[in-house]
Structures are given as structure tokens and as C-alpha cells.
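The values are calculated or read from the model by the stated rules, or taken from the named source; none is laboratory data. Everything numeric in this text was worked out from a predicted model, so none of it was measured. Backbone-built Cβ (ideal geometry, glycine too); neighbour counts: all protein chains shown.
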Amino acid sequence: MNGASSAGRGAGGSEATKSDTGAEDCAWMESVQRGDEAAFGRLMERWERPVKSVIARLVFNAGEAEELAQETFVRVWQQREKYRAGAAFRPWVFAIAVNLARNRLRWWRKRPEVALEEWTERDGDSGSGEGGGARGLEQAERASAVRDAIAGLPADLREAIVLFEYQEMSHAEIAAAVGATPKAVETRIHRAREKLRSTLKRWE
């Protein structure tokens, strides 16, 4: 997961920036609770893409991720009264997204006429293999290997590592999003890394 880790760690900005963003999110969400559609639009503009990215890495289907991301924000609006004023918005919205992803995967697994493996997209993330040639092919193969390794993780480990590596969420934030304790999240991330390290050993 070296590539994923370095990519994730480089995108988060300073702690001060995160704090400012969090305060702004809280203010917007409190406005949403009062029925402010403009504030809701600003939250969607900021968070729709990260939410879609996380869901895609949990369900492995771009079409489903698009639909579930939209449903996440439908739920944000419908459940706005449940948001606790002053609470961090990011783990709250990801909790909704993760639950929707879990439910969708359960639903697909209960459909005997459609194998989950057939429904899952295997064509890689857009942009894989940029640059062309042997290097581009190697990058595409590596991206595919990482995706397959993450797909092979148990759901609880996959949720934890995706939120930690790709969204730079703290153990406490992930715990709030997935309904676990911070210690359990720490253990899940450690176990996920061990499994990924073993699976991706050839790419080290």
C-alpha cells in the first residue's frame, strides 16, 4: 500500500486547513438544518466526489458508486435533523455512505442469478497507466493488483483501510463512520496492512 499511502497523505493539507474546513462544514450543516438549500449545495460540491470515491472502493462498480453517492446526499437532507450541531460533518456523512455501501453489497450477494464477481468492474481506475509504454502498463498492473487486494479484504478491514489511506481520516473519525471503537479501527488497519503487504509482496 505504499503508493496508496503516499497518495493519500499528500492530499490532505495542513491541520489548520482541515480545522477551518471542518468548522465551515459544521456551519453549513447547521444552515441545512434550517432548510438552507444553498448551504446544502456547497456541502455537496465539497463532499460528493470524496464520498463517491470511497463508495467505489467499497462496491467496485462506478455506476453503483454514482447512485449511492447521490443517495447519500438525499439521506443527508432527509436526516438533517439528526445531525448534532457542532459535530464533525465528515465522519457523519461517511457513516451514511458506508452503510449504504454495506447494504448494497448485501443485496447483491443475496441475488443468486447475478454473481457479485460478474457485477464487479475489473477495468481499473480511470487514469491508470498514464504515460503509455512499459511504465504505463506496469502502473496499470499495479493499480489492478492493489484494487484486487483491497477487494479481497473482509468488509470491516476494507472500510477501515479505505477511509484511512484514501481519506486521511483519524481512527476516531473512522470509528464514528463505521460504528466501532478507535482501538478496533487501529486493529483493523493493522490487519488490513498485513494482509495487503502479503498479497502485494511482488510489488514492493
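Overview of values
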| item | result |
| --- | --- |
| Meets criteria (at pLDDT below 90 and either under 21 Å from the mean Cα position of the chain (by Cα) or buried (at least 17 other Cβ atoms within 10 Å of the Cβ) (or both)) for residue 53 | no |
| Selection within the stretch 167-200 - crowded, with 16+ Cβ neighbours inside 10 Å and among the basic types (Lys, Arg) | 188, 191, 193, 195 |
| Count - residues of the stretch 137-154 that are more than 11 Å from residue 57 (Cα to Cα) and surrounded by fewer than 16 Cβ atoms within 10 Å (Cβ to Cβ) | 6 |
| Filter result (in contact with a Ser or Thr (Cβ under 8 Å, 6 or more places away or on another chain) and in a loop (DSSP other than H, G, I, E, B)) within the stretch 48-85 | 60, 61 |
| Where residue 169 falls short, out of the listed (1) assigned to a loop (DSSP other than H, G, I, E, B); (2) over 16 Å from the mean Cα position of the chain (by Cα) | (2) |
| Among the residues listed as 45, 67, the single one being surrounded by 13 or more Cβ atoms within 10 Å (Cβ to Cβ), over 16 Å from residue 168 (Cα atoms), modelled with pLDDT of 95 or more and within 17 Å of the chain's Cα centre (by Cα) | 67 |
| Count of the stretch 29-38 residues which are part of a helix (DSSP H, G or I) and surrounded by fewer than 19 Cβ atoms within 10 Å (Cβ to Cβ) | 5 |
| Qualifying residue in the stretch 86-99 (condition: closer than 19 Å to residue 155 by Cα and touching a Leu at 6+ places or on another chain (Cβ under 6 Å)) | no |
| Number of positions in the stretch 11-31 that are of a type in the set (D, E, K, R) and at pLDDT below 70 | 1 |
